[in-house]
1. Would you mind stating whether Leu175 is free of Cβ contacts under 8 Å to residues at least 60 places away in the same chain and surrounded by 17 or more Cβ atoms within 10 Å (Cβ to Cβ)?
2. Taking the condition surrounded by fewer than 17 Cβ atoms within 10 Å (Cβ to Cβ), modelled with pLDDT under 75, over 27 Å from the mean Cα position of the chain (by Cα) and under 28 Å from Ala536 (Cβ atoms), does Arg460 pass?
3. For region 434-451, what are the residues that are at pLDDT 70 or above and surrounded by 14 or more Cβ atoms within 10 Å (Cβ to Cβ)?
4. Quick one: in region 293-314, which of the residues that are of a type in the set (D, E, K, R) and open to solvent by less than 60 Å² (accessible area, probe 1.4 Å) is modelled with the lowest pLDDT?
5. Within region 17-54, can you find the residues that are among the basic types (Lys, Arg) and at pLDDT 85 or above?
6. Within region 163-192, count every residue that is modelled with pLDDT under 90 and either part of a strand (DSSP E or B) or in contact with a strand residue (DSSP E or B) (Cβ under 6 Å, 6 or more places away or on another chain) (or both).
7. Looking at (1) of a type outside the set (A, V, I, L, M); (2) open to solvent by 30 Å² or more (accessible area, probe 1.4 Å); (3) touching a residue at least 24 places away in the same chain (Cβ under 8 Å); (4) touching a Lys or Arg at 6+ places or on another chain (Cβ under 8 Å), can you tell me which one Tyr219 breaks?
Amino acid sequence: MAESWSFLDTSESDFRPLVVVELAKGTKEETIEWFTERIVDKKANGGEYNMIFCAQLLIKPLVMGNEDEHIYLVGASHLRLLLGAETVGLVKECNDNSMRTFTYSSRKTFKDFADDNDNFLTMAECQYIIKHELENLRAKDEKIIPGYPQAKLYPGKSIVRRLLTSGILVQIFPLHDREELKKLRHSWYGRVKVGYQPLDEIRCYFGETIALYFGFLEYFTFALIPMAVIGIPYYVFAWEDYDKYVMFATFNLLWSTVILEVWKRICAIMTYRWGTLLMKRQFEEPRPGFHGVLGVNPVTGREEPVYSSIKRQIRIYLVSLPFVCLCLYISLYVMMIYFDLEQWALDYHEANESNFSNLMLFVPSIIYAVVIEIMNRIYRYAAEFLTSWENHRLESSYQNHLILKVLVFNFLNCFASLFYIAFVLFDMKLLRQSLATLLITSQILNQFAESLLPYWLQKRQKKRMKKQMCSLKTETDLSLVEQVSLEKEMGTYLGTFDDYLELFLQFGYVSLFSCVYPLAAVFAVLNNITEIYSDALKMCRVYKRPFAEPTANIGVWQV
């Protein structure tokens with residue numbers, strides 16, 4: 001690109017707050033000055049491609065009631081965002097209705113583009129671009145963070161990640177757009193209706209990853225309806241006739257195959273319309289936690305950390321894989337202890353026949369459920385540590401390896417006992433009872449823990465913050481101060497991992513065992529209907545707005 005952008009203005013008249021940066025109380029002034037300078041500084045010495053990006057990010061302090069608080073609003077000029085859209089490889093629709101990667105030099109060929117049209121990029125895309133730029137701040141010559149000699153830096157290290165791990169940077173989060181959020185809430189869950197979700201509006205506000213999750217949740221719910229319709233008469237009329245369940249099991253097999261293949265088609269249609277299906281993989285920047293020797297990316301020509309793939313494979317196959325196998329063995333060992341306890345409780349009941357012995361029959365199941373939950377949590381932390389230690393370059397690669405580790409362990413923990421009852425004990429009555437108990441109990445607990453409890457806690461926090469705002473005296477726009485004060489205290493949405501995991505386990509219960517308990521699909525449909533509304537409420541009212549993340553599919557969850 002031959003054009004020079006040095007003459008273009010990035011004055012504060014263009015400023016629109018998009019992202020909030022909160023530093024720890026008591027952060028030293030020299031650290032604040034250095035960090036803010038890095039945010040607004042020109043990207044010099046970054047290769048010819050990066051040197052054209054001389055438009056600066058904009059940052060302004062937000063004056064709060066407490067002088068110890070260091071909160072900053074980050075934005076960017078319209079030009080800077082357009083150049084950033086080219087950097088991250090956003091795909092937009094052209095005037096000829098084709099989808100192409102956006103470039104600033106050919107901006108006039110894209111539909112709805114105008115120099116004075118600030119809505120060409122959605123707010124979610126703008127925030128994603130700013131997040132990309134902040135995460136792409138890497139140390140070059142600095143050895144330490146100014147003011148904190150114990151916080152070491154080296155070439156290629158992510159500055160934002162070092163600030164986070166050092167406790168200097170508290171959080172970075174995107175601001176909500178109150179008006180757009182109000183419209184989205186009304187069309188999404190503001191009224192009970194029979195119809196599709198506004199997936200395009202969800203995508204524009206929260207990004208493709210969130211929209212795809214809700215699209216899959218909606219699709220899976222509709223796909224469960226035939227299973228539920230067939231399961232009801234099987235439950236009512238053929239409960240003890242197990243030969244008839246062979247037909248139902250065959251239908252299960254065909255159903256589970258067909259719905260996943262159809263989803264691939266539906267997913268491709270949506271992501272093509274959104275532009276993420278055509279996004280190039282090389283535009284995915286190194287994840288903030290990725291470290292290595294500073295080198296040059298052969299594709300983009302930009303400087304970034306480089307790490308040997310051989311070292312990564314050694315860590316995966318010689319450390320991570322044996323650890324996962326060891327955890328699976330421990331899980332199976334605990335399961336066998338559980339069945340020994342079950343047999344002991346049954347023998348004790350047959351010998352005593354008392355109310356106390358009746359209660360003792362439930363003790364092994366309760367103990368096993370608690371142990372499973374503890375093991376899942378410990379394993380989850382261990383899996384996150386190992387996957388981070390493997391030092392994956394891309395966030396998608398990191399997520400895929402983490403999902404596989406957690407998925408295998410959760411699958412064994414949740415389904416191993418059911419397989420053992422079915423194929424070792426041959427106790428269909430116990431299998432039916434265990435399946436019903438696991439499915440219904442997990443659904444109730446998940447709804448309470450994921451939505452109702454966080455919503456109640458957030459409502460209490462909001463009331464407390466509003467009382468503080470009433471006594472606040474500041475010359476800053478009170479509505480903005482109030483909004484930032486409320487949002488920074490909200491919980492952080494950690495991604496769709498747990499949501500997909502819940503759907504995966506539900507899919508396993510229905511596809512593998514609903515021939516024994518045909519009402520499994522019925523309960524799954526009822527749960528998913530409430531899940532759509534509770535998750536929508538959670539996204540709009542309980543958690544901070546998450547950064548948009550472009551994606552072309554649901555990743556390894558499809559497999």
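The values are calculated or read from the model by the stated rules, or taken from the named source; none is laboratory data. If you're wondering where the values come from, they're calculated on a predicted model, not measured in any experiment. When we count neighbours, we look across all protein chains shown, and the Cβ atoms used for this are built from the backbone with ideal geometry, even at glycine. Note: areas computed on protein heavy atoms with side chains; ligands, DNA, RNA excluded. Shrake-Rupley method; radii C 1.70, N 1.55, O 1.52, S 1.80 Å.
1. On the way: free of Cβ contacts under 8 Å to residues at least 60 places away in the same chain: no; surrounded by 17 or more Cβ atoms within 10 Å (Cβ to Cβ): yes.
No.
2. Values: surrounded by fewer than 17 Cβ atoms within 10 Å (Cβ to Cβ): yes; modelled with pLDDT under 75: yes; over 27 Å from the mean Cα position of the chain (by Cα): no; under 28 Å from Ala536 (Cβ atoms): yes.
Taking the combined requirement at face value, the residue does not satisfy it.
3. Going residue by residue through region 434-451, those that are at pLDDT 70 or above are 434-450.
Within region 434-451, Ser434, Leu435, Ala436, Leu438, Leu439, Ile440, Ser442, Gln443, Asn446, Gln447, Glu450 meet the criteria.
4. Arg302
5. Passing the criteria: Lys25, Lys28, Arg38.
6. So the count comes out to 1.
7. Result: Tyr219 passes all but (4).
To keep it simple, each residue is scored yes or no on (1) in contact with a Leu (Cβ under 6 Å, 6 or more places away or on another chain); (2) part of a loop (DSSP other than H, G, I, E, B); (3) modelled with pLDDT of 90 or more; (4) of a type outside the set (Ser, Thr, Tyr).
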| position | (1), (2), (3), (4) |
| --- | --- |
| Val516 | yes, yes, no, yes |
| Thr530 | no, no, no, no |
| Ala536 | no, no, yes, yes |
| Pro546 | no, yes, yes, yes |
| Val556 | no, no, no, yes |
